[in-house]
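Reading through the structure tokens given below for one structure.
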Amino acid sequence: MENKMTGMDYKIREVAERIRELREVSGFTVEEMAQRTNLSVEEYIQCEAGNRNLSIAFLYRCTLSFGVDMGDLLEGRSPKLRSYDLTRKGEGQRIEEAHHMIGYNLAADFRNRIALPLYMEIKYREGAEYEDIELVTHEGQECDIVISGHMKIQIGSRSGVLHPGDTIYYDSSTPHGMIAVNGEDCSFYAIVLSNSAAREGEAAAAVAMPDTKFRAPDKQPRIYRKFIDRTVEDGLLKAISFKDEEKFNFAFDVVDELGSTKPEKLAMLHISEDGTERRFTFQDMKKESARAANYFKSMGIKRGDRVMLVLKRHYQFWFAVLGLHKLGAVAIPATNQLLEKDFTYRFEAGKVKAILCTADGDVANAVDKAAAKSPMLEYKIIVNGSRDGWRNFDEEYKMYSSHFDRTEDAPRGSDPMLMFFTSGTSGYPKLAAHNYKYPLGHFITAKYWHRVNPDGLHLTISDTGWAKSMWGKLYGQWLCEAAIFVYDFDRFDAEKILPLFAKHHITTFCAPPTMYRMLAKQDLSRFDLSSIEHASTAGEALNPEVYRQFLNATGLPILEGFGQSESTLIIGNLNGSDHKLGSMGKPVPLYDVHLLDTDGNEVDTGETGEICINIKNGLPCGLAYCYEGNAEVTAETWRDGFYHTGDLAWKDEDGFYWYVGRADDVIKSSGYRIGPFEIESTIMELPYVLECGVSAAPDPIRGQVVKASIVLVKDFVGTDELKKQIQDYVKKRTAPYKYPRIVEFKESLPKTTSGKIIRKLL
């Protein structure tokens, strides 16, 4: 098995570079590695320099020394599959070709592998049986099974010929080698076993997690049944379709209809930070949104006009956005964290005609400065206060009629309804445009991921400036006739929020992992969380320890999901399905999801690809239709029959998807391609880490190295000793080359207005 690999098959110098990197990471000297690989120092130096062909035995000894898989060396990526790895006949990870022997790894993507299964082919060489057989050694044991031809094998001083069907099992530390004889080629299986049962630091195989609290099936004639058909088998959503979606207008078809048929049903419980409690029924929402629509119409705001809403968690947001939906004007939610330059750009890019803005803080002042440079902005309307040069929403809109009748030409279906400025992690934010079918896509979000209770109260933490608020504070929840809970706070305070669950009997909850971490830092046993029936999260890495603490406190798992400002929930751990800690879940039936490589080909199970949605048969309800005003980026994103998310993931053998990171965030170091998300998730396991962002740092030797920017919890101080502890922790729990060579402790991390870490600024 000591055949040589040619550079034609594998880039020897690239593999050699990876070996050098791992040797340095592991702290081995050249002399130590020469001893570990049974080579002279000079031979080893030649191997590491890429000047010598690399044998299977050499590569195998390297994997044992470094605690990595063969795939880490050959391809620069770690195996991911945990339960099975299927290799078809004629396939496999090719390892070498020289000296008339070819090897194929038959389980290249299997994680925690305790054996290396190889398919070997030996070319017959005339006269070879009269030559000395080249002998090799390596750790462990080996089992060889002859498939075809005849193989002469030598183990120590003994030799013999094996025929098809013959098997030999031996201690592979004994010098051994084999050749093809009897005038024909030979093929055989070689099963190489190491002495250790599994590599240290690998996670246990993922298993199904506990399910949410039991709830009897809802058989009432809910309003969504007018617009949605579903196929459900054994409690699992299998398929979904929509009825009359081209006529659909959420404000009329859902809110006004419920306002008429179930006028007293609670739509929203709103709590101001000072404790003021406001209860709004669907009848209230019907009337107040009508007043808002008439108010905007009186100003000359018409169908197609763009209106920006900077309203935090103020209750007036719901009046305004529904009023705009009735009128046909396009709502553009935005965060109060924007500065003058941000407003200037957004006013121009969004062709904003009016802005409805909170009086809190310095936001209105920033708007005034930006408005001076934005002649298209005609109206400035303020909420919860007054300001010179601004119209007062709270005083004025109440003067208008609470009736706004739907006309035959009312906005609907494919008409533009809503636009979100994306996070803008690279370049200027893009303006994702949604039509009136968008709310229908959030039915799955609410019913099967948030699992809202029609008789309950749902809390999504997000403020109205983020797209996530549309996921959890409006469309899907009201389609399911569930009431929403809104706490209008300025600064997240776990001590204030945790008592609200019991006081108001909140039944379902969604928040980003950062906020779950803040909640978990409290002694959860002090709070009554028994009302919660279901919990979900999205946006970043979920700390397993936080997961476990919440599970212990509530008996509930935190179910992850994935989507974008451009979409509704794309991948998620839906109600009734098994789920794995750390996985995003599986694609929802609404979207035909594919993982594609850079050439547009489907990647294999366990391989990383870009998350793409098939749109060859049209855009699914919930997916944006363009980036407004940016034809070039639109064409690049919606191309070749797919919507390209720009996010990378891999799929395991059970169909679960695992997030890798943005395509632009992948770190290329010493021949390895490293996704930041895995490292962030590992570092976040440490109890003293509050936030973590992993990025690439330039390096003259390696091209790039891994850099971890870390925010510690209160009362922890970053030291050199702590840096080393973090580095060692990552080395033991991932492939060692993934560890952060640079660790920086920071007070805070740069984030987008949607709260996502901007890795490029780390």
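The values are calculated or read from the model by the stated rules, or taken from the named source; none is laboratory data. Everything numeric here is computed off the predicted structure, so don't read it as measured data. Quick reminder, even Gly has a Cβ in these numbers, built from the backbone with ideal geometry, and neighbours come from all protein chains shown.
Identify the residue in segment 499-521 that is under 14 Å from Tyr547 (Cα atoms) and of a type in the set (D, E, K, R) and, among all such residues, is surrounded by the most Cβ atoms within 10 Å (Cβ to Cβ).
By that ranking, first place goes to Arg517.
Residues that are not aliphatic (A, V, I, L, M): list the strands (runs of 3 or more DSSP E) wholly contained in segment 491-594 that include at least 2 such residues.
Ranges flagged: 508-510, 534-537, 558-563.
If you scan segment 338-365, which residues turn out to be without any contact (Cβ under 8 Å) to a residue 40 or more places away in the chain and small (Gly, Ala, Ser)?
If the condition is that a residue be without any contact (Cβ under 8 Å) to a residue 40 or more places away in the chain and small (Gly, Ala, Ser), then Ala359, Gly361, Ala364 are the ones that fit.
Restricted to segment 559-589, and to residues that are more than 21 Å from Thr464 (Cα to Cα) and hydroxyl-bearing (Ser, Thr, Tyr), which residue is modelled with the lowest pLDDT?
Ser577
So is Asp274 at pLDDT below 95, under 20 Å from Asp455 (Cβ atoms) and charged (D, E, K, R) or not?
Considered against the rule, which asks whether it is at pLDDT below 95, under 20 Å from Asp455 (Cβ atoms) and charged (D, E, K, R), Asp274 comes out as no.
Being modelled with pLDDT under 95, within 45 Å of the chain's Cα centre (by Cα) and buried (at least 19 other Cβ atoms within 10 Å of the Cβ) is the filter here, so list the residues in segment 140-177 that pass it.
Across segment 140-177, the qualifying residues are Glu142, Ser172.
If the requirement is being more than 25 Å from Phe242 (Cβ to Cβ), crowded, with 22+ Cβ neighbours inside 10 Å and touching a residue at least 60 places away in the same chain (Cβ under 8 Å), which of these qualifies: Gly555, Gly606, Gly561, Gly582?
None of the other options fit; the residue is Gly606.
Quick one: count up the residues across segment 453-490 that are assigned to a helix (DSSP H, G or I) and of a type outside the set (A, V, I, L, M, F, W, C).
6
Looking at segment 196-247, which of the residues that are at pLDDT 75 or above and basic (Lys, Arg) is nearest to Glu533 (Cα to Cα)?
Checking each candidate, the answer is Lys219.
Can you tell me which residue within segment 305-357, out of those that are hydroxyl-bearing (Ser, Thr, Tyr) and out of contact with any His (no Cβ under 8 Å at 6 or more places or on another chain), is nearest to Val383 (Cα to Cα)?
Among those residues, the one meeting the criterion is Thr335.
Looking at segment 484-514 only, could you name the residues that are within 19 Å of Leu559 (Cβ to Cβ) and in contact with a Phe, Trp or Tyr (Cβ under 6 Å, 6 or more places away or on another chain)?
Correct list: Ile506 only.
Only strands (runs of 3 or more DSSP E) wholly contained in segment 55-152 count here; list those with 3 or more residues that are outside the structural domain of Tyr170 (by TED's automatic domain parsing) and over 19 Å from Asp652 (Cα atoms).
Per the criteria, no element qualifies.
So, in segment 361-413, exactly how many residues are closer than 24 Å to Glu348 by Cβ and basic (Lys, Arg)?
5
Does Thr514 count as under 30 Å from Glu678 (Cβ atoms), of a type in the set (Val, Ile, Thr) and in contact with a helix residue (DSSP H, G or I) (Cβ under 9 Å, 6 or more places away or on another chain)?
No.
So Leu116 ticks every box in (1) in contact (Cβ under 8 Å) with a residue 60 or more places away in the chain; (2) surrounded by fewer than 19 Cβ atoms within 10 Å (Cβ to Cβ); (3) among the aliphatic types (A, V, I, L, M) but one. Which box is left unticked?
(2)
From Phe280, Phe347, which residue is surrounded by fewer than 24 Cβ atoms within 10 Å (Cβ to Cβ) and over 24 Å from Ser401 (Cα atoms)?
Unique residue meeting the criteria: Phe347.
Count, please, the residues in segment 82-101 that happen to be modelled with pLDDT of 85 or more and buried (at least 17 other Cβ atoms within 10 Å of the Cβ).
The total comes to 4.
Looking at segment 326-333, is at least one residue touching a Ser or Thr at 6+ places or on another chain (Cβ under 7 Å), within 29 Å of Phe492 (Cβ to Cβ) and buried (at least 20 other Cβ atoms within 10 Å of the Cβ)?
Within segment 326-333, one or more residues are touching a Ser or Thr at 6+ places or on another chain (Cβ under 7 Å), within 29 Å of Phe492 (Cβ to Cβ) and buried (at least 20 other Cβ atoms within 10 Å of the Cβ).
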